[in-house]
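Data block below; observations after.
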Amino acid sequence: MTPYAVLVLLVIAERFAELAVARRNGAWSRARGGLEHGGGHYPTMVALHAALLLGCLVEPWAADRPFLPLLGWPALVLTLAAQGLRWWCISTLGPRWHTRVLIVPGLPLVTSGPYRYLRHPNYVAVAVEGLALPLVHTAWVTALGFSLLNAALLTVRIRCENDALAPARSLSSPGAAP
């Protein structure tokens, strides 16, 4: 097994950890009246993320892609940075972090951690990882395909999330970063 395959398998394990956190947090939110918004796009998101990870494993092997150090090492750094940002988001949101758009009515927006600087930092992490992880081993077709499809999906997802969070934003003080 190549070091790159080990990296992808570690990312897959990380995804399962995320799903466990999301399941626990989902129960917390639903117990407090949390409502899901835009569930229709969720299966597409799951399929796209699974395809990313599969493409990362298949493309370098099937297309005999080499490891290019000038591309691979910076891509690895970006991949690891994306993981750090993702877990910063998860820890900042605590039980309010989900893989779904699940909103507990009446809770104020989180404006600390990465949310102090960006409205949707987790999606920055997803975009960076989706481009960088495949490029660690020159899987440029996977990187390009995921990035284009993810950009389309995120237009739907971010609109859905913004609409779901609009009541909380209207309660926030003017100028607060959501």
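May I ask you to give the percent of accessible area on the chain that is carbon plus sulfur, with a probe radius of 1.4 Å?
On the chain, the fraction of accessible area on carbon and sulfur atoms equals 72 percent.
Averaged over all directions, how much area does the convex hull of the C-alpha atoms of segment 39-90 cover when projected, in nm²?
Working: hull surface 19.2 nm².
So the mean shadow area of the Cα hull is 4.8 nm².
Pop a pseudo-label 7 angstrom from the Cα along the beta-carbon direction at both W73 and F16 and give the gap in nm to one decimal.
3.3
With mean projected area of the Cα convex hull in nm² defined as stated, name the option among (1) 13.5; (2) 10.2; (3) 9.3 computed from the structure displayed.
Checking each listed value against the structure points to (2).
Using the Karplus equation 6.51 cos²θ - 1.76 cosθ + 1.60 (θ = phi - 60°), what ³J(HN,Hα) coupling, rounded to whole Hz, does each residue of segment 76-89 give in order, writing x for Gly and Pro?
Using θ = phi - 60°, the values come out as 5, 4, 5, 4, 5, 5, 4, 4, x, 5, 4, 6, 5, 4 Hz.
So what is the relative contact order of segment 76-178, in percent, for Cα pairs below 8 Å that sit 6 or more residues apart? Each step should come with its number before you reach the end.
Working: 91 pairs, mean separation 39.7, N = 103.
The value is 39 percent.
Which angle from 0 to 90°, rounded to the nearest 10, does the C-alpha axis of helix 121-135 make with the longest principal axis of the chain?
10
In degrees from 0 to 90, rounded to the nearest 10, what is the angle of the helix 140-171 Cα long axis to the longest principal axis of the chain?
10
Put a dot 7 Å past each Cα toward the Cβ at L118 and R30; how far apart are the dots in nm?
Modelled inter-label distance: 3.0 nm.
Explain nothing, just the number: relative contact order of the chain, from Cα pairs under 8 Å at least 6 residues apart, as a whole percent.
33
Just grab the label-to-label distance for S147 and L107, each label 7 Å out from Cα along the Cβ direction, in nm (one decimal).
Placing both labels 7 Å along Cα→Cβ, they lie 3.3 nm apart.
Per residue of segment 99-114, in order, report the coupling 6.51 cos²θ - 1.76 cosθ + 1.60 (Karplus, θ = phi - 60°) as ³J(HN,Hα) in whole Hz, putting x for Gly and Pro.
Using θ = phi - 60°, the values come out as 8, 9, 8, 10, 10, 8, x, x, 7, x, 5, 7, 10, 10, x, x Hz.
Where the centroid of each part is defined by its Cα atoms, how far is segment 17-55 from segment 111-138 in Å?
17
In degrees from 0 to 90, rounded to the nearest 10, what is the angle of the helix 3-31 Cα long axis to the longest principal axis of the chain?
Once rounded, the angle reads 10 degrees.
Express the accessible area of segment 2-128 per residue in Å², computed with a 1.4 Å probe while the remaining protein chains stay in the model.
Per residue, segment 2-128 has an accessible area of 53 Å².
The values are calculated or read from the model by the stated rules, or taken from the named source; none is laboratory data. In this text, all values refer to a predicted model and were calculated from it rather than measured experimentally. Don't worry about glycine lacking a Cβ; one is built from the backbone with ideal geometry, like all the others, and counts go over all protein chains shown. For the accessible areas, the whole protein counts, side chains as well, though only heavy atoms, and no ligand, DNA or RNA atoms are used. Shrake-Rupley method; radii C 1.70, N 1.55, O 1.52, S 1.80 Å.
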